[in-house]
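One structure below.
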Amino acid sequence: MSPTVTGLAVGATLAIVVLAWGFWGFLLTAVFMLVGAVAGRVAEGRLDLRAVADSLRGKRSSS
């Protein structure tokens, strides 16, 4: 899927949610989409959670 098609799908989903369930439904859906995206990147091996945790703690990475 190209980034354009992905962005279109995400935008359409969030628009439908905000129309159907209002702001809080929109916010909850956006949070779940973000969690799903992070989980997908971790499963693909494209995101290292240890590096993220180290970065948040202020430790520097040499890579």
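The values are calculated or read from the model by the stated rules, or taken from the named source; none is laboratory data. Computed from a prediction, not measured in an experiment: that's the story for all the values here. Note that we place each Cβ from the backbone using ideal geometry, even for glycine, and neighbour counts take in every protein chain shown.
Scanning region 29-63 for residues that are in contact with a helix residue (DSSP H, G or I) (Cβ under 8 Å, 6 or more places away or on another chain) and assigned to a helix (DSSP H, G or I) gives THR29, ALA30, MET33, VAL42, LEU49.
Pairs meeting the criteria (first residue in region 1-21 and on the phi > 0 side of the Ramachandran plot and modelled with pLDDT of 95 or more, second residue assigned to a helix (DSSP H, G or I) and exposed (fewer than 11 other Cβ atoms within 10 Å of the Cβ), beta carbons under 6 Å, at least 6 apart or on different chains) are lacking.
Kindly provide the set of residues from region 1-28 that are among the small types (Gly, Ala, Ser) and either touching a Cys at 6+ places or on another chain (Cβ under 7 Å) or in a helix (DSSP H, G or I) (or both), ordered by number.
Selection gives GLY7, ALA9, GLY11, ALA12, ALA15, ALA20, GLY22, GLY25.
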